[in-house]
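The values are calculated or read from the model by the stated rules, or taken from the named source; none is laboratory data. Being a predicted model, the structure only gives us computed values, none of them experimental. For neighbour counting, all protein chains shown are included, and Cβ atoms are generated from backbone atoms with ideal geometry for every residue, glycine included.
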């Protein structure tokens, strides 16, 4: 079942009548200020960067993490949340999602579409976002699909479900672009008897795109040089959105996220990146990274991979569930991702599998769904760990978050409470107020998990 903030139980009957989508007219349309000070106390605090604090406290001040420790010196008027027997982690971060993009994931009319903007397809009312929120997910990278060798540009969101589209955007997040190689573009264009229908065609298309971008940049460089010399008759070249985006890749202004499965293709993609002077931020899926982790680690490229998906296509036959930990041991920065509106609700369990498959420590496993995906997105300075000065994106779990029995009980984003599986305590959040005013104060969520 689905719900809204702390008032979810009282809304169950109404939600069931609306395909389990919260009634949007009752949701906040713009952010409302969080309490100035919130103290979560008596919890097992898993910081990700500096160990686990038993019976610890986290103080959120003006939407930021002020301090985490065995005790905090918060003001007397702080809102106190007793988390005795519970666990606290940073918000879960999904570095590969297509949630809230509907059917507009692939602009497959061309193998090269870098000027497509996923923000133009983003539906901030999609219930999948709320389902993810109920699973503790606070940040998502919403990517273009993998039909194209060079696809469109991603959008980064904070999962403030109920707010306006613009209010859900992650402020000043770096730009990312989606590339893909292998079966997907081969299949899409091969069916049409178009280039690229082979792996050779894949990389020819990519190289030609960058050659075109280099030529485009040269024309603009020549024009700008004339203008700098005072040539008033200089004529500006025609703007081309596709080539502008490719030029930004070459200028290092876009993080390159690449859908890629096979070991040989990782090496080819890195060679092309070196040839044209850009960096690969991460390989996504990356199921054969365990074969070449020692070669990829020195490049600094990370991976966003599945825990144990296997055999669903030719490129996945060599997948093994030890891939993530084996790659990590070779020095590759490893994140786990969903690529699924179902898996995104249980990324904490995907992390838990890493302890079984490879012997990751709890901190290493948790890092795969917090700090490492934050780095892939380029927002690790703001989220992904419980450190002073970072955003107040915090999850309170009923038990160890790496357990299959774990569920998110409270989810804070920028210090605001966006999900609470307990019975409503009116006034805690803006959502409490709007739901109370609408008359929804019952208790119909049978298991209380909000899902």
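Go through segment 132-170 and give me each residue that's more than 13 Å from the chain's Cα centre (by Cα) and touching a residue at least 60 places away in the same chain (Cβ under 8 Å).
Passing the criteria: 134, 135, 146, 149, 150, 153, 160, 161, 162, 163, 164, 167.
Taking the criterion of being in a loop (DSSP other than H, G, I, E, B), in contact with a helix residue (DSSP H, G or I) (Cβ under 8 Å, 6 or more places away or on another chain), assigned by TED's automatic domain parsing to the domain that holds residue 141 and closer than 30 Å to residue 110 by Cβ, would at least one residue in segment 315-336 satisfy it?
So far as segment 315-336 goes, no, none of its residues is in a loop (DSSP other than H, G, I, E, B), in contact with a helix residue (DSSP H, G or I) (Cβ under 8 Å, 6 or more places away or on another chain), assigned by TED's automatic domain parsing to the domain that holds residue 141 and closer than 30 Å to residue 110 by Cβ.
Every residue, every condition in (1) at pLDDT below 95; (2) out of contact with any helix residue (DSSP H, G or I) (no Cβ under 6 Å at 6 or more places or on another chain); (3) under 30 Å from residue 172 (Cβ atoms); (4) assigned to a loop (DSSP other than H, G, I, E, B), yes or no:
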{"position": "194", "(1), (2), (3), (4)": "yes, yes, no, yes"}
{"position": "200", "(1), (2), (3), (4)": "no, yes, no, no"}
{"position": "207", "(1), (2), (3), (4)": "no, yes, no, no"}
{"position": "213", "(1), (2), (3), (4)": "no, no, yes, no"}
{"position": "219", "(1), (2), (3), (4)": "no, yes, no, no"}
{"position": "247", "(1), (2), (3), (4)": "no, no, yes, no"}
{"position": "252", "(1), (2), (3), (4)": "no, yes, yes, yes"}
{"position": "257", "(1), (2), (3), (4)": "no, yes, yes, no"}
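Could you please give the count of residues in segment 84-104 that are surrounded by fewer than 24 Cβ atoms within 10 Å (Cβ to Cβ) and either assigned by TED's automatic domain parsing to the domain that holds residue 68 or over 24 Å from residue 174 (Cα atoms) (or both)?
Within segment 84-104, residues that are surrounded by fewer than 24 Cβ atoms within 10 Å (Cβ to Cβ) and either assigned by TED's automatic domain parsing to the domain that holds residue 68 or over 24 Å from residue 174 (Cα atoms) (or both) number 5.
Enumerate the helices (runs of 4 or more DSSP H) found wholly within segment 344-423, keeping only those where 3 or more residues are in contact (Cβ under 8 Å) with a residue 24 or more places away in the chain and surrounded by fewer than 24 Cβ atoms within 10 Å (Cβ to Cβ). Write out each step before concluding.
On the way: elements: 347-356, 362-367, 371-377.
Fully inside segment 344-423 and qualifying: 347-356, 362-367.
Condition first: in contact (Cβ under 8 Å) with a residue 12 or more places away in the chain and either outside the structural domain of residue 156 (by TED's automatic domain parsing) or surrounded by fewer than 21 Cβ atoms within 10 Å (Cβ to Cβ) (or both). Can you find one or more residues in segment 255-263 that meet it? Walk me through how you get there before you give the answer.
Going through segment 255-263, the residues in contact (Cβ under 8 Å) with a residue 12 or more places away in the chain turn out to be 255-263.
Adding the requirement that they be either outside the structural domain of residue 156 (by TED's automatic domain parsing) or surrounded by fewer than 21 Cβ atoms within 10 Å (Cβ to Cβ) (or both) leaves 256, 263.
Taking every residue of segment 255-263 in turn, at least one turns out to be in contact (Cβ under 8 Å) with a residue 12 or more places away in the chain and either outside the structural domain of residue 156 (by TED's automatic domain parsing) or surrounded by fewer than 21 Cβ atoms within 10 Å (Cβ to Cβ) (or both).
Are any residues in segment 117-164 touching a helix residue (DSSP H, G or I) at 6+ places or on another chain (Cβ under 6 Å), surrounded by fewer than 24 Cβ atoms within 10 Å (Cβ to Cβ) and farther than 29 Å from residue 280 by Cβ, and if so, which ones?
Passing the criteria: 124, 125, 131, 160.
Would you be able to tell me the number of residues in segment 287-302 that are buried (at least 23 other Cβ atoms within 10 Å of the Cβ) and within 27 Å of residue 247 (Cβ to Cβ)?
Residues flagged as buried (at least 23 other Cβ atoms within 10 Å of the Cβ) and within 27 Å of residue 247 (Cβ to Cβ) within segment 287-302 amount to 3.
If you check 390, 313, 367, 337, which single one turns out to be modelled with pLDDT under 95 and over 23 Å from residue 271 (Cα atoms)? I'd like the intermediate steps shown before the answer.
Values: 390 fails: modelled with pLDDT under 95; 367 fails: modelled with pLDDT under 95; 337 fails: modelled with pLDDT under 95.
That would be 313, the only listed residue that is modelled with pLDDT under 95 and over 23 Å from residue 271 (Cα atoms).
Looking at the structure I just gave you, is residue 303 assigned by TED's automatic domain parsing to the domain that holds residue 186, in contact with a strand residue (DSSP E or B) (Cβ under 7 Å, 6 or more places away or on another chain) and under 20 Å from residue 179 (Cα atoms)?
So residue 303 fits the description; yes.
Can you tell me which condition residue 276 does not meet? The list is (1) touching a residue at least 40 places away in the same chain (Cβ under 8 Å); (2) closer than 30 Å to residue 116 by Cα; (3) surrounded by 14 or more Cβ atoms within 10 Å (Cβ to Cβ); (4) within 26 Å of the chain's Cα centre (by Cα), and all the others hold.
(4)
Provide a single number: the residues in segment 171-181 that are surrounded by fewer than 22 Cβ atoms within 10 Å (Cβ to Cβ) and in contact (Cβ under 8 Å) with a residue 24 or more places away in the chain.
3
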